[in-house]
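Each remark here refers to the structure printed beneath this line.
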Amino acid sequence: MITTDICIVGAGPVGLFAVFEAGLLKMRCHLVDALPQVGGQLSEIYPHKPIYDIPGFPSVNAQELVDNLMEQIAPFHPTFTLGERVETIERQEDQSFVVGTNEGTTIACKVIVIAAGLGSFEPRKPAIERLEEFEHGKGVAYMVKNPELFRDKEIVLAGGGDSALDWTIYLSNISKRVTLVHRGETFRGAPDSAEKVFNLAKEGKIDLILKANLKKIDGNGSLKSVFYEDADKNEQTIKADYLIPLFGLSPKLGPIAEWGLDIEKAQIKVDTTDYSTNVPGIYAIGDINTYTGKLKLILCGFHEGAIMMQSAFKYVFPDKHLSFKYTTVNGVHEF
Amino acid sequence: MSMVKFTVEDRDGSKQELEAPTDMGLSLMETLKAFEYNIMATCGGMALCATCHVKFSRGQEQLPDKNDAEWDMLDTLPDADESSRLACQLRVDENLEGAEFKICGDLE
């Protein structure tokens, strides 16, 4: 078990800077992020885009800002669990918490700070009935984690993006039969992959069904068939062991929604006195929180982190008196 | 102040003609939110969440072409079709005059 003062959920810019504000108050932080690297959206989605509204930086590239933040917090030696998603929080008798991830990592802490931005990116599900019935190994999968699962099986993939093309090509080598169902007639993904898929279809190695939409699925305990509407609006059936809908990722709150927090439109309501949630000891900062006048700006998240850490001090050091100090007077003391 | 008029159909089928200013630099998503339509806009306008997905029944041909980010998102969206756009990627300007669209974005 990892032991720390503050567990920060989300290692985006706001989560990272919160480590600095905690460090000034001699509080240690551990950060957990579902992505395999720090920086959140900045590193994952727009690393090379300039940001123009960071005070003191007329322009800074997103990745450069993340790198600078990492340098800024280095004196406080934060620790990280990356590529894992926080699933559970358990309140202990002494009012501290144990945070658990989907990979079984546990973190004991006195304060939880949710700086999870848009939430975690989860597979987007098509609007067809009974999907849930066949999830978890019974025939519906939203990503290919272990391709061996699909060896010698009859697979239906749906979608028109890069991952639909790539997995169609890959699985055509190991599966018994691969069918790709796509809404459009063309693919905007990598031209090479699209050409390969069209060629595989010409050679009869896969079934490519264009201008078609998934309609329903059927089975008894495990998936048996997939129904789609073809270009002429007729319903057709494909025998299938697995359906793999690949419709991209959409940001979701995920397990955070189950923690008893006051939530409005997938955002966590906070008290702007200290950005605390309705659950004592849990704070929310950055894009994930909401309050009257909220602006989803990195600089606002920085401000929230500073205020919030002053409040968190009482949970970490209940017997100590907090005295506010300027870094220009006091410097930054490594620990 | 110059204004543009277009018709919005909400998820429940109710229609309303809106008049919106074209000189405030607002996206269609921001304008719809300002008129208190229920749109999550989780990503704040970066074409990442598709919760501002709308489908045009009139006036789509007047609109500017989709950029790559919008194409990529609409490509992956299960319920998108040729009439689909992301309201966050459209400016409220004269191109919207007389258009009609339906709000389709997810609410969760």
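The values are calculated or read from the model by the stated rules, or taken from the named source; none is laboratory data. This structure is a prediction, so every number in the text was calculated from the model and none was measured. With ideal geometry, Cβ positions are generated from the backbone for all residues, glycine too; neighbour counts draw on all protein chains shown. Surface accessibility is based on the protein's heavy atoms, side chains included, excluding ligands, DNA and RNA. Shrake-Rupley method; radii C 1.70, N 1.55, O 1.52, S 1.80 Å.
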Any GluC sites (Glu not before Pro) in segment A:1-104 that lie in a DSSP loop and have at most 14 other Cβ atoms within 10 Å would be A:GLU93, A:GLU103
Averaged over B:40-50, number of beta-carbon atoms from partner chains that fall within 10 Å: 5
Taking every other residue with Cβ under 15 Å from the Cβ of A:THR88 and scoring Lys and Arg +1, Asp and Glu -1, one gets -3
Tally Lys and Arg at +1 and Asp and Glu at -1 over the other residues with C-beta under 10 Å from the C-beta of A:MET27: what net charge comes out? +1
If contacts are Cα pairs under 8 angstrom and at least 6 residues apart, what is the relative contact order of segment A:235-309 in percent? 21
Provide the percentage of antiparallel DSSP beta bridges, counting only those with both residues in segment A:125-247; round to the nearest 5. 50
Residues losing 20 Å² or more accessible surface upon assembly, segment A:245-265, compared with the chain by itself, 1.4 Å: A:PHE247, A:PRO251, A:LYS252, A:LYS265
Within a Gaussian network of chain A (alpha carbon springs, distance under 10 Å), most fluctuating of A:GLY248, A:GLY260, A:GLY159: A:GLY260
Percent of beta bridges antiparallel (DSSP, the protein assembly as shown, rounded to nearest 5): 55
When A and B pair up, the total accessible heavy-atom area removed from solvent (1.4 Å probe), in Å² to nearest 100, is 1700
Over the Cα atoms of segment A:21-90, Rg to Rh with Kirkwood Rh, two decimal places? 1.02
Give, as a single signed number, the net charge of other residues whose beta carbon lies under 15 Å from the beta carbon of B:GLU108, with Lys and Arg counted +1 and Asp and Glu -1. -1
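Using a probe of 1.4 angstrom, how much of the accessible area of segment A:125-247 is carbon and sulfur, in percent?
Reported share for carbon and sulfur atoms: 45 percent.
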At the level of C-alpha centres, the distance separating segment A:203-266 and segment B:1-79, in angstrom, is 26
Per residue solvent-accessible surface (Å²) - the protein assembly as shown, probe of 1.4 Å: 48
With an 8 Å cut-off on Cα pairs and a minimum separation of 6 or more residues, tell me the relative contact order of chain A in percent. 19
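Just want to confirm a number: the relative contact order over segment B:3-103, from Cα pairs under 8 angstrom separated by 6+ residues, in percent.
Averaging sequence separation for qualifying contacts and normalising by length gives 43 percent for segment B:3-103.
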Lone cysteines in chain A, defined as no other cysteine's Cβ under 4.7 Å from theirs: which are they? A:CYS29, A:CYS300
Where a ≥ b ≥ c are the square roots of the eigenvalues of the C-alpha gyration tensor, would you call chain A rounded, which needs a/c under 1.5, or, failing that, prolate if a/b is larger than b/c, or oblate? prolate
Checking the a/c ratio against 1.5 first, then a/b against b/c, what shape does the Cα gyration tensor give for chain B? rounded
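Out of the total accessible area of segment B:3-103 (probe 1.4 Å, heavy atoms of protein only), what percent is carbon and sulfur? Please list the in-between numbers first.
Working: 2030 of 4510 Å².
It is 45 percent, rounded to a whole number.
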